[in-house]
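This report refers to the structure that appears directly beneath it.
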Amino acid sequence: MSWYEKRYADGRIGFNPRVGLREFKEVFKGVASARKVALVPSFFAGFGEDLSYFQADRIHPTAQAQSRLLDNVWPQLVPLLKR
(Lines give C-alpha, C1' and ligand atoms only; values in the text may rest on other atoms or scores of the structure.)
Protein backbone atom coordinates (compact mmCIF):
# COMPACT_ATOMS: atom_id res chain seq x y z
CA MET A 1 0.00 0.00 0.00
CA SER A 2 1.29 3.45 -0.88
CA TRP A 3 1.88 6.30 1.59
CA TYR A 4 -1.13 8.18 0.24
CA GLU A 5 -3.54 5.29 0.70
CA LYS A 6 -5.52 4.30 3.75
CA ARG A 7 -7.02 0.88 4.38
CA TYR A 8 -10.41 1.02 6.10
CA ALA A 9 -11.69 -1.58 8.59
CA ASP A 10 -14.06 -3.00 5.97
CA GLY A 11 -11.16 -3.62 3.55
CA ARG A 12 -11.69 -0.60 1.30
CA ILE A 13 -8.67 1.41 0.27
CA GLY A 14 -9.00 5.16 -0.08
CA PHE A 15 -7.14 8.42 0.00
CA ASN A 16 -5.25 8.96 3.24
CA PRO A 17 -6.77 12.11 4.79
CA ARG A 18 -3.46 12.85 6.51
CA VAL A 19 -1.87 13.56 3.15
CA GLY A 20 -2.80 16.99 1.86
CA LEU A 21 -4.08 17.37 -1.67
CA ARG A 22 -1.25 19.75 -2.52
CA GLU A 23 1.36 17.21 -1.45
CA PHE A 24 -0.46 14.49 -3.37
CA LYS A 25 -0.42 16.57 -6.56
CA GLU A 26 3.25 17.45 -6.07
CA VAL A 27 4.16 13.76 -6.16
CA PHE A 28 2.63 13.40 -9.60
CA LYS A 29 4.28 16.58 -10.84
CA GLY A 30 7.63 15.25 -9.68
CA VAL A 31 7.14 11.86 -11.32
CA ALA A 32 6.02 13.43 -14.60
CA SER A 33 9.02 15.75 -14.58
CA ALA A 34 11.47 12.97 -13.76
CA ARG A 35 10.01 10.70 -16.44
CA LYS A 36 9.65 13.56 -18.94
CA VAL A 37 6.00 12.75 -19.60
CA ALA A 38 2.95 14.96 -19.94
CA LEU A 39 0.78 15.53 -16.90
CA VAL A 40 -2.90 16.39 -17.01
CA PRO A 41 -3.29 18.59 -13.92
CA SER A 42 -6.94 17.70 -13.36
CA PHE A 43 -8.71 15.13 -15.50
CA PHE A 44 -12.13 16.15 -14.15
CA ALA A 45 -11.57 19.93 -13.97
CA GLY A 46 -14.72 21.94 -14.44
CA PHE A 47 -17.16 19.08 -13.92
CA GLY A 48 -15.81 16.65 -11.32
CA GLU A 49 -18.31 17.71 -8.69
CA ASP A 50 -21.30 17.29 -11.01
CA LEU A 51 -22.44 13.69 -10.55
CA SER A 52 -24.57 13.85 -13.69
CA TYR A 53 -21.32 13.35 -15.63
CA PHE A 54 -20.63 10.04 -13.86
CA GLN A 55 -22.11 6.57 -14.00
CA ALA A 56 -23.94 5.15 -10.99
CA ASP A 57 -20.63 4.01 -9.47
CA ARG A 58 -19.57 7.70 -9.23
CA ILE A 59 -16.15 6.75 -10.63
CA HIS A 60 -16.53 6.26 -14.36
CA PRO A 61 -17.54 9.19 -16.58
CA THR A 62 -20.60 8.98 -18.82
CA ALA A 63 -20.64 9.44 -22.58
CA GLN A 64 -21.70 13.06 -22.01
CA ALA A 65 -18.46 13.68 -20.08
CA GLN A 66 -16.20 12.65 -22.95
CA SER A 67 -16.01 16.09 -24.57
CA ARG A 68 -15.17 17.63 -21.19
CA LEU A 69 -12.41 15.05 -20.67
CA LEU A 70 -11.03 15.84 -24.12
CA ASP A 71 -10.99 19.55 -23.28
CA ASN A 72 -8.89 18.78 -20.19
CA VAL A 73 -6.49 16.33 -21.86
CA TRP A 74 -6.02 17.80 -25.34
CA PRO A 75 -3.79 20.75 -24.32
CA GLN A 76 -1.32 18.28 -22.81
CA LEU A 77 -1.44 15.93 -25.82
CA VAL A 78 -0.94 18.47 -28.61
CA PRO A 79 2.75 19.12 -27.83
CA LEU A 80 3.41 15.38 -27.83
CA LEU A 81 1.90 15.01 -31.29
CA LYS A 82 4.29 17.63 -32.65
CA ARG A 83 7.39 15.68 -31.56
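The table below gives the values:
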| quantity | calculated |
| --- | --- |
| Qualifying positions in the range 45-70 - within 23 Å of PHE24 (Cβ to Cβ) and either in a helix (DSSP H, G or I) or in contact with a strand residue (DSSP E or B) (Cβ under 8 Å, 6 or more places away or on another chain) (or both) | LEU51, TYR53, PHE54, HIS60, PRO61, ALA65, ARG68, LEU69 |
| Single unsatisfied condition, PRO17 versus (1) modelled with pLDDT of 85 or more; (2) not assigned by TED's automatic domain parsing to the domain that holds LEU69 | (1) |
| Neighbours by Cβ (under 8 Å, 6+ apart or cross-chain): first from the range 19-43, surrounded by 10 or more Cβ atoms within 10 Å (Cβ to Cβ); second among the basic types (Lys, Arg) | LEU39/LYS29; PRO41/LYS25 |
| Scan of the range 39-81 for residues that are among the hydroxyl-bearing types (Ser, Thr, Tyr) and in contact with a Pro (Cβ under 7 Å, 6 or more places away or on another chain), ordered by number | TYR53 |
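The values are calculated or read from the model by the stated rules, or taken from the named source; none is laboratory data. All values reported here derive from a predicted model rather than from experimental measurement. Heads up, the Cβs are rebuilt from the backbone with ideal geometry, glycines too, and the neighbour counts pull from every protein chain shown.
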